[in-house]
Structure formats: C-alpha cells, structure tokens
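The values are calculated or read from the model by the stated rules, or taken from the named source; none is laboratory data. As the structure is a computational prediction, the values presented were derived from the model and not from experiment. No Cβ is skipped: glycine too gets one built from the backbone with ideal geometry, and neighbour counts run over all protein chains shown. Calculation scope for accessible area: heavy atoms of the full protein, side chains included, ligands and nucleic acids excluded. Shrake-Rupley method; radii C 1.70, N 1.55, O 1.52, S 1.80 Å.
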Amino acid sequence: MKRAVSLAALGLASCATVTPRPEPQWQMVWSDEFDGDALDPANWSFEIDCWGGGNNERQCYTDSPRNASVANGLLTITARREDHTGPALPPYLAAESDPQATATRRFTSARLSTKGKAAWAYGRIEVRAKLPQGQGVWPAIWMLPEANTYGRWAASGEIDILEAVNLGVECDDGCEPGGENTILGTLHFGGQWPDNAYDSTEVSAPQVLDGFHTYGVIWEPGRIRWTLDGEVYADKVNSDWWSSGSKAPDAPFDQPFHLLLNLAIGGGLPEERALGGVAEEGFPKQFAIDWVRVWQCEPGGARQPTCRY
C-alpha cells in the first residue's frame with residue numbers, strides 16, 4: 001500500500017490547533033459557528049438516501065437529530081450501528097429509474113450540503129473539526145459544483161478539502177506507527193464517469209488523532225492549496241487538471257462550488273486499507289465540527305488572485 005508523505009518530510013513545522021487570523025485583505029463572506037441548538041436551515045440541507053455515495057458505502061443518510069445535532073457550539077455528525085431503510089438513490093438518480101425504490105443498510109449517518117444556499121468561486125474555506133476513528137470510518141469535508149456546467153461528475157469537478165480513513169487503526173502491514181493518521185486532499189476532474197481522473201496528495205499527520213484541527217483550501221484562479229492548521233501541505237495548479245467539457249485553462253475549477261460535510265461508513269477507500277472492511281464495534285462514531293468559515297479576497301473581488309497567505 002502506498003504510504004503517505006509525512007508533514008515533517010514536506011518541511012512543515014508542527015502546527016497549532018488555531019488558525020492564524022487572516023491578513024486584512026481577506027473578508028469573511030460566510031460562516032456557521034453552530035452557536036444555536038439546531039442546524040440552521042438557511043445554511044444547510046440534508047441529503048437523504050441509502051445509495052452509498054457511489055462508493056459502496058454502508059450507511060443510510062438521514063435527517064434525524066440522532067445523526068446530526070447542534071449543541072454546545074458544535075455540529076456533531078453521528079454514525080450509528082442500526083439497520084435503516086430509506087430511498088435507494090438520491091433524487092437526481094431516482095428520477096431516471098425508480099423513484100420509489102428503497103434500500104436497507106446496517107448503519108445510519110448524515111451528509112449536509114450548502115447546495116442552493118451558498119456557493120463560492122475562489123476563496124479560503126476552512127473547517128475546524130475533530131475526526132472520528134476506527135476501521136471503515138470515513139469523514140469528509142468537500143465541495144461539488146453548484147451547476148454541472150461542464151457535464152456530470154467528474155467533468156465539472158470535485159474538491160476534497162479533507163478525507164481521512166481508518167484513523168487510529170493499528171495493523172501489522174502498512175499502517176502508520178501508532179495508528180493510521182493520514183489525511184488526503186484531492187481533486188476529481190477530467191471526463192464524465194468512467195472517464196474521470198483525479199490528483200491526490202496524502203500526508204501523515206499524527207496530530208489529527210487528538211483534538212480539533214483546522215482543515216482548509218486556498219483556491220484562486222489556476223491554483224488550489226490545502227492547509228492543515230494554517231500550514232500548506234499540498235499545492236496544485238491548472239496544468240494538473242482538465243475537463244472534457246471545456247478548453248478554458250482553469251476549468252472545471254472556475255465555477256461556484258458548494259460545501260458538503262459527511263461521515264461515511266465503509267466504501268472502497270477505507271475497506272481496502274489497514275485491517276480491511278468495517279469494524280462494527282465502538283459505535284456510535286462522532287464527527288464534531290466547531291465552525292465553518294469562508295473568506296474571499298478584497299479589494300478586487302472573489303475572482304482576483306488570492307490575498308497574500
């Protein structure tokens with residue numbers, strides 16, 4: 001199995017858990033601090049289905065407060081070991097086959113989206129979160145295009161701000177010493193599935209096994225950088241990506257994207273690594289989010305090159 005590059009090997013210093021205050025040129029344009037006692041429907045929608053995300057994941061996503069709740073300044077997405085029956089497909093796929101089809105899965109969880117409520121082209125997007133651990137556990141912070149301007153996935157792109165699988169798991173062959181601790185930053189692009197492509201950076205970050213950390217991207221025309229606690233660990237430019245739907249040099253990452261937060265259980269990425277499969281003990285698993293913040297560069301507007309970072 002391919003091992004991750006360590007943050008130390010990339011020349012990055014040990015990171016604090018609080019992101020430095022942005023330079024004065026940055027202007028916060030959107031945030032959710034989760035200060036209330038319920039999820040703000042002006043910011044977030046639930047995605048409800050038992051599809052498996054196209055990755056053979058094992059959960060049903062629900063809108064139950066048992067799976068997503070707000071209290072004490074945190075949004076908590078909770079995955080539970082419980083059988084559940086729900087829509088077999090998301091609405092856009094169900095409409096093309098059987099809208100009434102259902103499926104039953106062995107886990108429940110939540111997937112939240114700002115689609116139709118907030119989307120951005122360029123900026124600095126950060127999420128402070130505490131990640132769950134265990135074999136088969138897959139938290140994600142990511143972005144999808146608000147409109148499929150260049151065609152269906154992945155021709156219109158996907159930005160994965162943070163993915164982690166099997167955190168804390170120890171195994172004899174291929175696991176990180178002291179337990180799995182890698183994080184991934186990935187772009188999906190190219191043609192429509194199955195002609196899609198991707199470019200991913202995976203780094204070893206033992207600090208994410210303990211407490212809250214800030215995960216982010218700095219997205220400017222022709223360039224996207226990934227950060228952990230304010231330190232850049234991956235840097236990709238427009239020569240690294242392309243879209244079958246456009247010859248524009250920055251496509252598909254030149255359009256507004258919305259944000260998603262979810263906690264998946266199982267699926268190809270975690271189940272093929274570490275101990276394999278999904279360990280059913282230790283549930284519920286919780287993905288705790290302290291805040292989500294979006295800055296854009298002023299003066300000059302969102303589509304100008306990023307502020308100094």
*Charged-residue dipole, Cβ positions (Lys, Arg, Asp, Glu), the stretch 87-137 about Cα centre, Debye nearest 20*: 360
*Residues of type lysines that K285 reaches as a straight line, Cα spacing below 17 Å, ignoring anything fewer than 8 places off in the same chain*: K130
*For the chain, with the dipole built from +1 on Lys and Arg beta-carbon atoms and -1 on Asp and Glu ones, taken about the Cα centre, which of A68, L209, A103 lies farthest toward the positive end?*
A68
*Using the Cα centre as the reference, give the magnitude of the dipole from point charges on the C-beta atoms of the chain (Lys, Arg: +1; Asp, Glu: -1; all else neutral), rounded to the nearest 20 debye.*
400
_If the elastic network links every pair of Cα atoms under 10 Å, which of D172, D63, D254 fluctuates the most in the Gaussian network model of the chain?_
D172
*With a sphere of radius 14 Å drawn around the Cβ of S45, what net charge do the other residues whose Cβ falls strictly inside it have (Lys, Arg +1; Asp, Glu -1)?*
-3
*Charge sum, other residues only, whose C-beta stays under 13 Å from H188's C-beta, Lys/Arg counted +1 and Asp/Glu -1*: -4
*Quick one: which residues, 5 or more positions from T182 or on another chain, have an amide H under 5 Å from its amide H? H modelled 1.01 Å from N in the peptide plane, none for Pro or chain starts.*
A205
*With springs only between Cα atoms under 10 Å apart, run a GNM on the chain and tell me which of A121, A95, A129 wobbles the most.*
A95
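Rounded to the nearest 5, what is the percent of antiparallel bridges among the DSSP beta bridges in the chain?
Looking only at bridges with both residues in the chain, the antiparallel portion is about 95 percent.
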*Any idea of R105's accessible area? Nearest 10 Å², probe 1.4 Å.*
60
*Applying the Karplus parametrisation 6.51 cos²θ - 1.76 cosθ + 1.60 with θ = phi - 60° to the phi angles of the stretch 174-183, what ³J(HN,Hα) value in whole Hz is obtained for each residue in order, glycine and proline being reported as x?*
x, 7, 5, x, x, x, 4, 8, 8, 10
*Using 7 Å Cα-to-Cβ label points, what is the E82/D235 separation (nm, one decimal)?*
4.8
*Which whole-Hz couplings ³J(HN,Hα) result when phi for each residue of the stretch 63-75 is put into the Karplus expression 6.51 cos²θ - 1.76 cosθ + 1.60, θ = phi - 60°, listed in order with x for Gly and Pro?*
10, 6, x, 5, 10, 8, 9, 10, 6, 6, x, 10, 8
*Relative contact order for the stretch 50-185: what is it in percent, counting Cα pairs under 8 Å that are at least 6 residues apart?*
18
*Residue of W153, W193, W242 that the Gaussian network model of the chain assigns the largest fluctuation, springs spanning Cα pairs under 10 Å*: W193
*asked:* Show log10 I(q)/I(0) for the stretch 151-309 at q = 0.08 Å⁻¹, two decimals, from a solvent-free Debye sum over equal Cα scatterers.
replied: -0.28
*asked:* Suppose the chain between M28 and K247 were pulled fully straight at 0.36 nm per residue; how much longer would it get relative to their current alpha carbon spacing?
replied: 75.7 nm
*asked:* As I understand it, the dipole of the stretch 36-189 uses +1 on the Cβ of Lys and Arg and -1 on the Cβ of Asp and Glu, about the Cα centre. Which of W44, P91, G168 lies farthest toward its positive end?
replied: W44
*With +1 on each Lys and Arg Cβ and -1 on each Asp and Glu Cβ, and nothing else charged, work out how big the dipole of the stretch 46-193 is about its Cα centre, in Debye to the nearest 20.*
540
*Around Y61, what is the net charge, scoring Lys/Arg as +1 and Asp/Glu as -1 over all other residues with Cβ under 10 Å from its Cβ?*
-2
*With every protein chain in place, what's the accessible area of F189 (1.4 Å probe, Å², nearest 10)?*
10
*Normalised by the residues of the chain, what does the relative contact order come to in percent, with Cα pairs under 8 Å and at least six apart?*
28
*Computed from these coordinates, which is P(r) over Cα pairs in 10 Å bins from 0, in percent: [x] 6, 22, 27, 23, 14, 7, 2, 0; [y] 6, 27, 37, 25, 5, 0; [z] 5, 26, 36, 24, 8, 1?*
[y]
*Given H placed on each backbone N at 1.01 Å, which residues far from A103 in sequence or on other chains put an amide H within less than 5 Å of it?*
G86, A88
*Per residue of the chain, what 222 nm ellipticity follows from adding -39500 (n - 2.57) for every DSSP H run with n ≥ 4, rounded to the nearest 500?*
-500 deg cm²/dmol
*Residue by residue through the stretch 277-294, which ³J(HN,Hα) values in whole Hz follow from phi under the Karplus form 6.51 cos²θ - 1.76 cosθ + 1.60 (θ = phi - 60°), with glycine and proline marked x?*
x, 10, 8, 8, 7, x, 8, x, 10, 10, 10, 9, 10, 7, 7, 10, 9, 10
